[in-house]
Amino acid sequence: MIIDLPDTTVSKIARSLVSTREEGGAVALGRVLTLVIATRQGVAEDAIEAANDASREHPMRVIVLMTDDTGDARLDAQIRVGGDAGASEVVVLRAHGGAASNEEALVTGLLLPDAPVVVWWPDTPPAVPSSSPLGRIAQRRITDASTGPFEPRRLQELGEVYAPGDTDLAWTRLTHWREQLAAVLDQPPFDPVTRVEVRGASSSPSTALLAAWLRLKLDVPVSWEYMPSGEWSEGIKSVRLVRDSDDILLERPNPGVACLTQPGQPRHDLVLPRRTLRECLAEELRRLDPDLLYGRVISEGWSLLDPPTSRESDVV
């Protein structure tokens, strides 16, 4: 069910939410958190769809905020419940002119009482997420450095302003890669890794974060490369762990499958597709405490990493 509330106020939206729950029998007590999505027109529906899917694992209230500081002061809203909202209730706010000047005030009156707040910027985040109006009220702040056009300096900027509670979906996309690499190093022979090589697409910040994680955890030289777009277009291509005995290579021949080559064993084909937006969001919502490892990787690990190598003018 979709309820449109043109030219409204936050208090009217809150009353409409209560009325909708009473009439439809929906219970707000089962909501475990409030997810605030700060986005723009054209990106919002993909983010809402991902949140609706994730809500089946994490029942929540979703507040989608789109602001436009031009035009007359006006607040339009839309409430989505039932089949249009997954296991959540979605409030879409479109603020214009003077009504868009205070983001915190727009969402505060709609937050679930005594529930954690997570803010997600699917597209362009503020310069300092933790000190932004929405970031100040949130326990977790989610950005996505992979949104295009990707600029490699974005990771450095995230590291410079990192605060506990920050995380990025480029890091979340690495979970399966980190699991596979950790599992390989737990198997014999237990020869130490002397060097690491990481390759990935020029549009993939996850490539840099994986290199920073390996540099931090293994304390060995890590060389990493952004590949030409015509050679590899999406995500991580390969990781080579160099040892005195033999190398370990985890490489994708195509975006959905990875081949694991290690000494003394046949080659293994692993299903390793690029993770969906829904999967990444659901994983981040499973933990509301600070991701301290991400904090170390984006700041300390990144500072230890040498610049990437490149082989084409469009690779930066």
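The values are calculated or read from the model by the stated rules, or taken from the named source; none is laboratory data. Just so it is clear, the structure is predicted and the values come from calculations on it, not from any experiment. So basically every Cβ, Gly included, is an ideal-geometry build from the backbone, and we count neighbours across all protein chains shown. Please note that ligands, DNA and RNA were not included when accessible areas were found on the heavy atoms of the full protein model with its side chains. Shrake-Rupley method; radii C 1.70, N 1.55, O 1.52, S 1.80 Å.
Could you let me know the centre-to-centre spacing of the range 259-292 and the range 208-244, using Cα atoms, in angstrom?
Distance between centres, Cα-based: 15 Å.
Given H placed on each backbone N at 1.01 Å, which residues far from M227 in sequence or on other chains put an amide H within less than 5 Å of it?
G200, A201, S202
Give me the percent relative contact order of the chain, please, defined on Cα pairs under 8 angstrom at least 6 residues apart.
Averaging sequence separation for qualifying contacts and normalising by length gives 16 percent for the chain.
Would you please report the Å³ per residue occupied by the convex hull of the alpha carbon atoms in the chain?
Here the figure is 141 Å³ per residue.
Leaving out ligands, DNA and RNA, and with a 1.4 Å probe, what % of the accessible surface on the chain is carbon or sulfur?
Solvent-exposed carbon and sulfur of the chain make up 51 percent of the total.
For the range 243-296, build the convex hull from the C-alpha positions and give me its volume per residue in Å³.
Values: hull volume 7.2 nm³, N = 54.
That works out to 134 Å³ per residue.
Leaving ligands, DNA and RNA out of it, rank S88, S245, S101 by accessible area with a 1.4 Å probe, largest first.
Per-residue accessible area, sorted high to low, gives S101, S245, S88.
With a 1.4 Å probe and every protein chain left in place, tell me how much accessible area K12 has, in Å² to the nearest 10.
100
Starting from the Cα of S245, step 7 Å along the direction of its Cβ; do the same at K12; then give the gap between the two resulting points in nm.
7.1
Please work out the average accessible area per residue across the chain, using the 1.4 Å probe convention, and give it in Å².
45
Of all DSSP beta bridges in the chain, what percent run antiparallel (nearest 5)?
For the chain, the DSSP antiparallel bridge percentage is about 50.
Using Cα pairs under 8 angstrom and six or more residues apart, how large is the relative contact order of the range 243-283, in percent? Before the final figure, lay out the partial values.
Details: 48 pairs, mean separation 11.9, N = 41.
For the range 243-283, the relative contact order is 29 percent.
Using modelled amide H (1.01 Å from N, peptide plane; none on Pro or chain starts), what sits under 5 Å from the amide H of R243, excluding residues fewer than 5 places away?
Excluding prolines and chain starts, which carry no amide H, the hits are T194, I248.
Among V119, Q180, S203, which residue has its Cα furthest toward the positive end of the charge dipole of the range 88-208, with +1 on Lys/Arg Cβ and -1 on Asp/Glu Cβ?
S203
Name the residues whose placed amide hydrogens come within less than 5 Å of the amide hydrogen of A145, ignoring near sequence neighbours (fewer than 5 apart) on the same chain.
Answer set, sorted by chain and number: L169, A170.
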